[in-house]
Each structure stands twice: as structure tokens, then as C-alpha cells.
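In what follows, a single structure is set out as C-alpha cells and then discussed.
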Amino acid sequence: MLFVPVLPAAGFVLTTSLAIFMFLRASQWSRYALVVLLLWATFVGALSMKGFFTVTAGSPPRFAIAIVPPLAIIAALFLTKGGRRWMDRSREAHTRPCCAHTC
């Protein structure tokens, strides 16, 4: 295994953890979202540890494997009734009145 400097590795771990935390908070701590995010992160991490993404020859680029599935899931959320319902449920939970008095 290649030596990775500590500071960039720690920055990556912190950035990824913050992104997962923010997504889970926005999804109202959905266990389903947590499982999907952790499985996807484990899958991509395992591929990268094996050097899968270092091979740049070939078409389509291997990096597309890390980008296309999440984009397809996002598109499905916006294009299906169930996905829009899930996003609306999340949005309703975050649109509470900010103060006790009326404007």
C-alpha cells in the first residue's frame, strides 16, 4: 500500500464525514440513507484501495463508475413520485416557524 501523508488523508476523512453528516441531517436521520451512504462509500473505498481508479486507459473512464450511479439516484429522486414525496417529507420537517410571533 502506498504511503499517504496524514494531513491530506485526515482532511479527506473530515470532509467526507461532514458531507455524510449533513446529508443525514437533511434526510431526518434516515437509516435507509445511512446504510446506502455507508455501503457506497465502502464500495468506492475498496475499489480505490485496490488501485481501480489509477488505470486511465480505456473507455469509458473508470472514474465514471463513481459518478454515474449517484447521479442516476439523484435523477430518480427528482423524476419519480416516490422520490419527490421523500424530498417533500424532508422539506416539511425543516420549514417550521422560526419564532413565536407572527411577521
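Readers should treat all values here as calculations from the given coordinates under stated rules, not as data from a laboratory. If you're wondering where the values come from, they're calculated on a predicted model, not measured in any experiment. Heads up, the Cβs are rebuilt from the backbone with ideal geometry, glycines too, and the neighbour counts pull from every protein chain shown.
Here the spin labels are modelled as points 7 Å beyond Cα on the Cα-Cβ line, and at ALA64 and TYR32 they lie 2.9 nm apart. Using 0.36 nm per residue and subtracting the Cα-Cα separation, the extra length available between PHE12 and ILE73 on full extension is 19.6 nm. Find which of THR42, VAL68, TRP29 sits farthest along the positive direction of the dipole of the range 6-93, computed with +1 on the beta-carbon of Lys and Arg, -1 on that of Asp and Glu, about the Cα centre. It is TRP29, whose Cα lies furthest towards the positive end.
Give me the percent relative contact order of the range 6-93, please, defined on Cα pairs under 8 angstrom at least 6 residues apart. All intermediate terms of the calculation are to be shown ahead of the outcome.
Working: 23 pairs, mean separation 18.4, N = 88.
Relative contact order comes out at 21 percent.
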